[in-house]
Ligand code: GLN
């Protein structure tokens, strides 16, 4: 199967995700309308601003199409993208898609320090690994159900999680030279 990855391109940091897949030799397509989802292997919901993203999904008529897409195909969300994938965004201005059984708190990592870069320890493909992670007004995962797997933590809290075919993280893997997260997502497509 030749993968074609969709990048939700309504708002936010979509171009940097495209560059990561370029680097891995995988084709991408910007997604702005429901028809753009046709034939995609998977979708990335980038970081940005979840309140805006939430409104734009409805304005573009993409909400039902994305929910339908996610029933059979993998979705990866970063930062605001993770907020959109949650069951509960903890904020009446955001209507999340409910793709993963978790409750988040917007800007939950942002109070003490607005934005920071660190290394997080995790496990990908069964092996321990260290990942550079940039947190920008990052959400905190405050509650999660038993189907959610913790792939990496920061200060004892989950920051990179999966549930079924979906993958989500509170940080921005597209902003560092590291390629592990995008590579991991691609591997899960082949599984
Ligand atoms: N704080 C933003 C929100 O609530 C997310 C920030 C980001 O995506 N870097 O949507």
Which of 184, 33 comes first, and how do the rest follow, when ranked by fewest Cβ neighbours within 10 Å?
33, 184
Take the stretch 108-174, compute every pairwise Cα distance, and split them into 5 Å bins from 0; I just need the percent in each bin.
4, 16, 30, 27, 16, 6, 1
Extension gain residue 114-residue 35, at 0.36 nm per residue separation less the Cα-Cα distance, in nm?
24.7 nm
Kirkwood estimate for the stretch 3-89, i.e. one over the average of 1/r between Cα atoms, Å
12.7 Å
How much mean residue ellipticity at 222 nm does the chain get from its helices, if each DSSP H run of length 4 or more adds -39500 (n - 2.57) and you divide by all residues, to the nearest 500 deg cm²/dmol?
-7000 deg cm²/dmol
Could you work out how much longer the chain between residue 73 and residue 179 gets when fully extended? Use 0.36 nm per residue separation minus the Cα distance between them, nm to one decimal.
36.0 nm
Taking the convex hull of the alpha carbon atoms in the chain, what volume per residue do you get, in Å³?
106 Å³
Any idea what the relative contact order of the chain is, in percent, if you count C-alpha pairs under 8 Å spaced at least 6 apart?
18 percent
Fewest-first ranking of 117, 183, using other Cβ atoms within 10 Å as the exposure measure:
117, 183
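Every number here is computed from the coordinates shown, using simple stated rules; none is lab data. Please read these numbers as outputs of a predicted model, since none were measured by experiment. With ideal geometry, Cβ positions are generated from the backbone for all residues, glycine too; neighbour counts draw on all protein chains shown.
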